[in-house]
Each structure stands twice: as structure tokens, then as C-alpha cells.
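I have a structure I would like to understand better, so I am pasting it below and will then ask my questions one at a time.
The values are calculated or read from the model by the stated rules, or taken from the named source; none is laboratory data. These numbers were taken from a predicted model, which means no experiment stands behind them. We place every Cβ from the backbone using ideal geometry, glycine too, and count neighbours over all the protein chains shown.
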Amino acid sequence: MSEYIEVEYEPTDDPDVMLIMTNLNLTPDGGSEVYESPAEGDEGSPLAQAIFEVPGVAGLTLDGGEVLLRREPDTPWVDLIEDVRDSLRDFFL
């Protein structure tokens, strides 16, 4: 795809949910894609599949240029954020 992606993170009121903001449209039709579990992600878009390959991702919503990421409760955000950022960058290389 060879597009440069910028990634920023913002915590939410839920300690297990993080908002990830990017400069790219992450959904082909500009709509929203909701994946409540990794099993749903297995049947989802290629981007959702790539993000769910990161250990600790419990669920996600893709909406325009944003990802609402839900983690497994015992997964440290520091590791998860770095791995998801790398996954997004690799996907758009």
C-alpha cells in the first residue's frame, strides 16, 4: 500500500480501552467495523486481522481514521501500543 501512517494514542475513561488516531482512512468504505473478539477479527478486514495478531488485543472498532482498541485486562499498555503501532505501520508499507 506504501502510505505513511501517523499514529497517536489517547486514553479513554475505560482503563482497558485506548483510542488510536491516524492520518489515514482505515476502512475501505469510510464506515465503521466492529470486532468484539479475535474470532470475529479472523473473519474481518485484512487490517483487523493484522491488529488481532498482536497478543493482548481483545476487541477493536475501526472507524474512519480511528481505532478503538480493547486490551486483555492483564496486558500492559506500553507493550501493546508499541506492537499495534508497528502492526499498523507494517500493514501500510
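Cβ-Cβ below 6 Å, separation at least six or inter-chain, first residue in the stretch 3-26 and of a type in the set (Val, Ile, Thr), second outside any strand (DSSP E or B) and surrounded by 11 or more Cβ atoms within 10 Å (Cβ to Cβ): which pairs?
Note: pairs meeting the criteria are 5/24; 5/88; 5/89; 5/92; 7/85; 7/88; 22/5; 22/65.
Moving on to the next point. So which pairs qualify, if the first residue must be in the stretch 53-82 and touching a residue at least 40 places away in the same chain (Cβ under 8 Å), the second must be outside any strand (DSSP E or B) and of a type in the set (Phe, Trp, Tyr), the Cβ gap must be under 8 Å, and the two must be at least 6 apart or on different chains?
71/77
Identify, from the list 74, 13, 83, 79, the residue that is touching a Pro at 6+ places or on another chain (Cβ under 8 Å) and either surrounded by fewer than 11 Cβ atoms within 10 Å (Cβ to Cβ) or part of a helix (DSSP H, G or I) (or both).
On the way: 74 fails: touching a Pro at 6+ places or on another chain (Cβ under 8 Å); 13 fails: touching a Pro at 6+ places or on another chain (Cβ under 8 Å); 79 fails: touching a Pro at 6+ places or on another chain (Cβ under 8 Å).
Within the list 74, 13, 83, 79, the selection yields 83.
Collect the residues in the stretch 54-68 that are over 15 Å from residue 27 (Cβ atoms), in a strand (DSSP E or B) and touching a strand residue (DSSP E or B) at 6+ places or on another chain (Cβ under 6 Å), keeping them in residue-number order.
Step one: of the stretch 54-68, the residues over 15 Å from residue 27 (Cβ atoms) are 54-59.
So of that shortlist, the ones also in a strand (DSSP E or B) come out as 57-59.
Hits for the stretch 54-68 are 58, 59.
Test residue 68 against the stated conditions and say whether it is aliphatic (A, V, I, L, M), at pLDDT below 95 and out of contact with any Pro (no Cβ under 8 Å at 6 or more places or on another chain).
no
As an exercise: evaluate residue 92 against (1) more than 23 Å from residue 30 (Cβ to Cβ); (2) at pLDDT below 95; (3) not charged (D, E, K, R) and give the number of the one condition it does not meet.
All conditions are met except number (1).
Turning to a different aspect of this structure: Residue 51 versus (1) at pLDDT 95 or above; (2) surrounded by fewer than 17 Cβ atoms within 10 Å (Cβ to Cβ); (3) of a type outside the set (Lys, Arg); (4) in a helix (DSSP H, G or I): which is the lone unmet condition?
If we test residue 51 against (1) at pLDDT 95 or above; (2) surrounded by fewer than 17 Cβ atoms within 10 Å (Cβ to Cβ); (3) of a type outside the set (Lys, Arg); (4) in a helix (DSSP H, G or I), just (2) comes out false.
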